[in-house]
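Undergrad: Below are the structure tokens for one structure; questions will follow.
We did not get these values from a lab; they are worked out from the coordinates using the rules stated. Because the structure is predicted, anything quoted here is derived from the model rather than measured. Cβ placement follows ideal geometry from the backbone for every residue including glycine, while neighbour counts extend to all protein chains displayed.
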Amino acid sequence: MLSVHQLRKSGCKVMVHHYRVKNDRGGATVVKVTDPLGFTTSGTALCSYRDQFNRKLGLRIALGRALKELGMCTK
């Protein structure tokens, strides 16, 4: 899968936002990707309040969902 760094290097704009809830439990990660042609999409990863919040895992899931919608998903 492409990384945020690789996407930015190829001319895409990438914004990543992590939202956390109190007590380090639960949260969300939202990734917004704009390709060089101006098409914008976003991907979201939600974490249950019963799970430990993990920024790296949330970023991978949200980025994968955004790339899938753009048709840029590579394995």
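Undergrad: Which of the numbered conditions does Ile61 fail, given that it passes all the others? Conditions: (1) touching a residue at least 60 places away in the same chain (Cβ under 8 Å); (2) in a helix (DSSP H, G or I).
TA: For Ile61, the exception is condition (1).
Undergrad: Scan the stretch 17-43 residue by residue and report those that are of a type outside the set (Val, Ile, Thr) and assigned to a strand (DSSP E or B).
TA: Residues satisfying the conditions are His17, His18, Tyr19, Arg20, Arg25, Gly26, Gly27, Ala28, Lys32, Ser42, Gly43.
Undergrad: Out of curiosity, is Leu46 of a type outside the set (D, E, K, R), part of a helix (DSSP H, G or I) and on the phi < 0 side of the Ramachandran plot? Before the answer, list the steps.
TA: Values: of a type outside the set (D, E, K, R): yes; part of a helix (DSSP H, G or I): no; on the phi < 0 side of the Ramachandran plot: yes.
No: the conditions fail for Leu46.
Undergrad: Sticking with this structure for a sec: Name every residue in the stretch 1-16 that is of a type outside the set (Lys, Arg), outside any loop (DSSP other than H, G, I, E, B) and more than 17 Å from Glu69 (Cβ to Cβ), in order of residue number.
TA: His5, Gln6 - these are the residues of the stretch 1-16 that are of a type outside the set (Lys, Arg), outside any loop (DSSP other than H, G, I, E, B) and more than 17 Å from Glu69 (Cβ to Cβ).
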